[in-house]
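Please read the structure below before turning to the comments.
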Amino acid sequence: GRFLWMGIGSACDYYNKMYGEFVRVWINGEETLIISKSSSMFHIMKHSHYISRFGSKLGLQRVGMYENGIIFNNNPDTWKAVRPFFMKALTGPGLVRMAAVCAESIIKHLDNLEEVTYSSGNMDVLTLMRCIMLDTTNTLYLGMPLDEIAIVRKIQGYFDAWQTLIIKPNIFFKISWLYKKYEKPVKDLKDAINNLVEEKRHKVCTAEKLEDCMDFAT
């Protein structure tokens, strides 16, 4: 919510003052450094090894990201066509509502931490964050009932495939049995999202009053 409300630059400055420019955390038991110092980020992002991680055309194609969306999109024409929709959602009344929805979702999920807590007492923070993000996105864009944990698991499977395929050399994709196993989690998430969109489309088409289901997607 703070990043949406303050903007990335101001939010980074805020967290830099609170926690420092380099923060060490553990994600899935692995030590992870979160770097928010602008000069350090510039040094990393201009490095050829970092750039190559996002440059696999074949990898992006396999997960449906090549020239699609607003992040992994090196097609300027498509990017310019899509970007205004994201800008609309992040400015004016849309921004105010988004911040409120984020806050409500965080409170709701913090009140139900037992859903993401193991019997050992450890909490699955990544799943918690993904549930909050999914709930917020669904509230703002679709507003459809869904099985949150089931969708989050599909998202996890998708990103496991993404982080594997995006760094593979082109020769990897010449051997079908190496990459075929990653196609199922990608398809599973795509099918789940398509089903939600179809349900939304049906709801809009059959609504007596369009105002009853108006949102950003509509």
> Ranking Ser40, Ser119, Ser56 by Cβ neighbours within 10 Å, fewest first, what do you get?
Replying inline: Ser119, Ser40, Ser56
> Where a Cα-Cα gap under 24 Å defines reach, which lysines qualify for Lys17, not counting those fewer than 8 residues away within the same chain?
Replying inline: Lys37
> Hey, can you rank 199-210, 92-103 by average C-beta count inside 10 Å, highest first?
Replying inline: 92-103, 199-210
> Assuming R0 = 35 Å, what is the FRET efficiency of Ile106 and Lys180, from their Cβ-Cβ distance, to the nearest 0.05?
Replying inline: 0.35
>> Multiplying the sequence separation of Met41 and Asn122 by 0.36 nm and subtracting their Cα-Cα distance, what value in nm do you get?
In response: 26.0 nm
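Values in this text are rule-based calculations from the coordinates and carry no lab data. Bear in mind the structure is a predicted one, so any value in this text is a computation, not a measurement. Methodologically, a virtual Cβ is constructed for each residue, glycine included, from the backbone with ideal geometry; neighbour enumeration extends over all protein chains shown.
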